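Okay, so here's the structure we're looking at.
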Amino acid sequence: KGKELGFGSILKVDCVERTGKYIYFTIVTKDRKEIDFRCPDQSCWNASITMALIDFQNKRAIQDFKSRQEMEQAAGTQERRLARAP
(Lines give C-alpha, C1' and ligand atoms only; values in the text may rest on other atoms or scores of the structure.)
Protein backbone atom coordinates (compact mmCIF):
# COMPACT_ATOMS: atom_id res chain seq x y z
CA LYS A 1 0.00 0.00 0.00
CA GLY A 2 1.12 3.51 -0.73
CA LYS A 3 1.19 6.19 1.92
CA GLU A 4 0.31 9.82 1.41
CA LEU A 5 2.20 12.82 2.73
CA GLY A 6 0.44 16.12 2.09
CA PHE A 7 2.41 19.21 1.13
CA GLY A 8 0.97 20.98 4.17
CA SER A 9 3.04 18.74 6.41
CA ILE A 10 6.33 19.11 4.49
CA LEU A 11 8.86 21.70 5.57
CA LYS A 12 11.46 21.12 2.86
CA VAL A 13 13.28 18.73 0.56
CA ASP A 14 16.84 18.43 1.76
CA CYS A 15 20.14 16.58 1.42
CA VAL A 16 20.08 15.89 -2.29
CA GLU A 17 23.00 13.69 -3.27
CA ARG A 18 23.63 12.20 -6.66
CA THR A 19 25.62 9.04 -7.23
CA GLY A 20 26.18 7.33 -10.53
CA LYS A 21 22.96 5.34 -10.38
CA TYR A 22 20.69 7.03 -7.82
CA ILE A 23 19.57 10.35 -6.36
CA TYR A 24 19.18 10.36 -2.59
CA PHE A 25 17.07 13.01 -0.88
CA THR A 26 15.31 13.66 2.40
CA ILE A 27 11.89 15.16 3.01
CA VAL A 28 11.77 17.04 6.30
CA THR A 29 8.31 17.32 7.84
CA LYS A 30 7.06 20.22 9.95
CA ASP A 31 7.50 18.12 13.09
CA ARG A 32 11.18 17.70 12.06
CA LYS A 33 10.91 14.04 11.07
CA GLU A 34 13.08 12.99 8.15
CA ILE A 35 12.01 10.57 5.45
CA ASP A 36 14.78 9.34 3.17
CA PHE A 37 14.22 8.47 -0.48
CA ARG A 38 16.23 6.98 -3.29
CA CYS A 39 15.22 7.13 -6.92
CA PRO A 40 16.89 6.31 -10.22
CA ASP A 41 19.16 9.07 -11.49
CA GLN A 42 16.97 9.74 -14.52
CA SER A 43 13.63 10.02 -12.68
CA CYS A 44 14.02 13.51 -11.09
CA TRP A 45 11.49 12.79 -8.30
CA ASN A 46 13.27 15.17 -6.00
CA ALA A 47 12.98 18.04 -8.47
CA SER A 48 9.30 17.33 -9.13
CA ILE A 49 8.52 17.17 -5.42
CA THR A 50 10.52 20.34 -4.74
CA MET A 51 8.79 22.30 -7.51
CA ALA A 52 5.33 21.12 -6.43
CA LEU A 53 6.16 22.02 -2.81
CA ILE A 54 7.29 25.52 -3.83
CA ASP A 55 4.09 25.98 -5.84
CA PHE A 56 1.99 24.84 -2.86
CA GLN A 57 3.84 27.14 -0.45
CA ASN A 58 3.53 30.12 -2.81
CA LYS A 59 -0.22 29.59 -3.20
CA ARG A 60 -0.62 29.26 0.57
CA ALA A 61 1.40 32.47 1.14
CA ILE A 62 -0.80 34.37 -1.34
CA GLN A 63 -3.96 33.06 0.37
CA ASP A 64 -2.60 34.06 3.79
CA PHE A 65 -1.67 37.53 2.52
CA LYS A 66 -5.12 38.06 0.98
CA SER A 67 -6.80 36.87 4.18
CA ARG A 68 -4.72 39.29 6.28
CA GLN A 69 -5.56 42.14 3.89
CA GLU A 70 -9.27 41.35 4.09
CA MET A 71 -9.13 41.20 7.89
CA GLU A 72 -7.27 44.53 8.05
CA GLN A 73 -9.77 46.13 5.67
CA ALA A 74 -12.68 44.78 7.72
CA ALA A 75 -11.09 46.08 10.93
CA GLY A 76 -10.55 49.49 9.32
CA THR A 77 -14.18 49.61 8.20
CA GLN A 78 -15.32 48.67 11.70
CA GLU A 79 -13.13 51.40 13.23
CA ARG A 80 -14.58 54.01 10.85
CA ARG A 81 -18.12 52.93 11.76
CA LEU A 82 -17.34 53.22 15.45
CA ALA A 83 -15.73 56.62 14.95
CA ARG A 84 -18.91 57.92 13.27
CA ALA A 85 -21.29 56.52 15.84
CA PRO A 86 -23.07 59.19 17.94
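The values are calculated or read from the model by the stated rules, or taken from the named source; none is laboratory data. Everything numeric here is computed off the predicted structure, so don't read it as measured data. FYI the Cβ positions are ideal-geometry reconstructions off the backbone, even for glycines, and counts take in every protein chain you see. Accessible surface areas use protein heavy atoms only, side chains included; no ligands, DNA or RNA. Shrake-Rupley method; radii C 1.70, N 1.55, O 1.52, S 1.80 Å.
Summary table
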read-out: Top-ranked residue of the stretch 1-34 - restricted to ones that are among the charged types (D, E, K, R) and assigned to a strand (DSSP E or B), ranked as surrounded by the most Cβ atoms within 10 Å (Cβ to Cβ); value: Lys12
read-out: Residue under evaluation Val16, criteria (1) of a type in the set (Val, Ile, Thr); (2) modelled with pLDDT of 85 or more; (3) over 17 Å from the mean Cα position of the chain (by Cα), criterion not met; value: (2)
read-out: Extreme residue, nearest to the chain's Cα centre (by Cα), among residues of the stretch 52-86 that are open to solvent by 100 Å² or more (accessible area, probe 1.4 Å) and at pLDDT 90 or above; value: Lys59
read-out: The stretch 53-75 residues that are touching a residue at least 40 places away in the same chain (Cβ under 8 Å), paired with ones that are in a helix (DSSP H, G or I) (beta carbon under 7 Å, 6 or more apart); value: Leu53/Phe7; Phe56/Phe7
read-out: The stretch 15-26 residues that are among the aliphatic types (A, V, I, L, M), paired with ones that are modelled with pLDDT under 85 (beta carbon under 6 Å, 6 or more apart); value: Val16/Asn46; Ile23/Asp41; Ile23/Asn46
